[in-house]
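For reference, the structure is listed below as structure tokens.
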Amino acid sequence: MIDLRSDTVTRPSKSMLAAMSAAETGDDVWGDDPTVIRLQATLAERTGKEAGLFFPSGTQSNLAALMAHCARGDEYIVGQQAHTYKYEGGGAAVLGSIQPQPIENAPDGSLPLEKIVAAIKPVDNHFARTRLFALENTIGGKVLPASYVSEATKLARDRGLATHLDGARVFNAAVASDKAVGELCAPFDSVSICFSKGLGAPVGSVLVGSKALIDVAGRWRKVLGGGMRQSGVLAAACLYALDHHVDGLAQDHDNAAHLAAGLARIDAIKVQSHATNMVFAQIPGPHCAPLEAFLKERGILMQMLYASRFVTHRDVSRADIDTVVRAMQDYFAR
Ligand SMILES: *Cc1c(COP(=O)(O)O)cnc(C)c1O
């Protein structure tokens, strides 16, 4: 199967599995798994933060971060399209007693500064206490403009808000913009980074931030059921990905551009891509279900759930992309 539904579908390679089976382990709830400790320290160093914390998922890492920044009755400002708001089951409200204050994202994924200012509540018993400002990079495959990130986080800081980045794909953003990941993380108090996406590990996210914040997040991780035992086997996969899979993201981005160029030649659909590993196609409604079935018959999976989206990753090759373009052309030529 050529699976373009998401970059989460990547499977661990033989050499990644070998690194996992060679991992030194301990009981991480007791804080003595050396491989988890090494992963956390490595990420803290790469992102320029004091400390890191390993999580089973990005959803839990984001939630523990929100809960570390915000107490019951506090609120966070977030995009309508943000994963932490829209795609995490409302966890901040459901489990954290944190009120989200969503703002409509601009087409480039940013949150307009004047809307942020307007959403910050005065200190008054009528209002939830605005505590945190959260961005996502990449968002919908787009890299947030660096100048925007620096202005928006400065605005938040000036108003006394903490800042969080959902950096599930911050390595894609770093590779696409030719910047060090530390530079993209610098404006934020905390950053959550996924290894189970384009980096190709089977499981795992790391939250980075100050020692004090990570201590609080560590308590919430345990409360949320995320305390893991010999999790060094998983951390070893993430360390392997850091050493061997970061540069390969450029190939994924190049494959996405190649796919977008191929699909752009089909008159019936409108194609958008944004320099990283996602291509979006506007497919006329009546074609969605038959096209999905047509592609599936040819061994191609894509997602028509949120938007018609093709995601490139390390388990799809350039030749696979050509196969997908041909199948799409065949469908629309009928
Ligand atoms: C995938 C993803 C997450 C976390 O998802 P999990 O499946 O829980 O690991 C968070 N934010 C964004 C933007 C994501 O794409």
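Values quoted throughout were computed directly from the atomic coordinates according to the rules given, and no laboratory measurement underlies them. Note that the structure is a prediction, hence the values are computed from the model and not measured. In this analysis, Cβ positions are derived from the backbone assuming ideal geometry, glycine residues included, and neighbour counts consider all displayed protein chains.
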For the chain, radius of gyration divided by Kirkwood radius, i.e. Rg to Rh on alpha-carbons: 0.99
Lys/Arg +1, Asp/Glu -1 at C-beta; the chain dipole; positive extreme among 150, 223, 56: 223
Net charge, residue 147 excluded, C-beta distance under 15 Å - Lys, Arg +1, Asp, Glu -1: 0
DSSP-defined beta bridges in the chain - what % are antiparallel, rounded to 5: 50 percent
Highest-fluctuation residue, 277, 125, 62 considered, GNM on the chain with Cα pairs under 10 Å: 125
Spin-label pair residue 223/residue 318, simplified geometry with 7 Å Cα→Cβ offset, distance in nm: 5.1 nm
Set of aspartates and glutamates with alpha-carbon distance to residue 211 below 18 Å, sequence-local pairs under 8 removed: 28, 32, 45, 50, 189
Stokes-Einstein D for the range 247-333, Kirkwood Rh over Cα pairs, 10 °C, 1.306 mPa s (µm²/s): 123 µm²/s
Point-charge dipole on Cβ atoms (K/R +1, D/E -1) for the range 14-244, about Cα centre, debye to 20: 220 debye
Alpha-carbon radius of gyration plus Dmax, which is the widest Cα pair, for the range 1-159 in Å: 18.6, 58
Helix runs (DSSP H) in the chain reaching 15 Å along axis by Cα, Kyte-Doolittle at least 0.5: 232-244
Cα-projected label distance for residue 264 with residue 244, points at 7 Å along beta-carbon direction, nm: 3.5 nm
Proximal charge balance of residue 23 [Cβ under 11 Å; K/R count +1, D/E count -1]: -1
For the chain, built as a Gaussian network whose Cα springs stay under 10 Å, the top-fluctuating residue of 174, 64, 146: 146
Cross-link reach list, lysines versus residue 197, counting only Cα pairs under 19 Å and skipping chain neighbours closer than eight places: 14, 86, 142
Extension gain from residue 304 to residue 8, taking 0.36 nm per residue of separation minus the Cα-Cα distance: 105.0 nm
Residue among 261, 238, 198 farthest towards the positive dipole end of the range 140-269, charges placed on Cβ: 238
Helix-derived mean residue ellipticity, 222 nm - over the chain, DSSP H n ≥ 4, -39500 (n - 2.57), to 500: -13000 deg cm²/dmol
Highest average packing first - 315-324, 51-60, Cβ atoms within 10 Å: 51-60, 315-324
Computed over the range 262-312, Kirkwood Rh from alpha-carbon pairs, angstrom: 11.5 Å
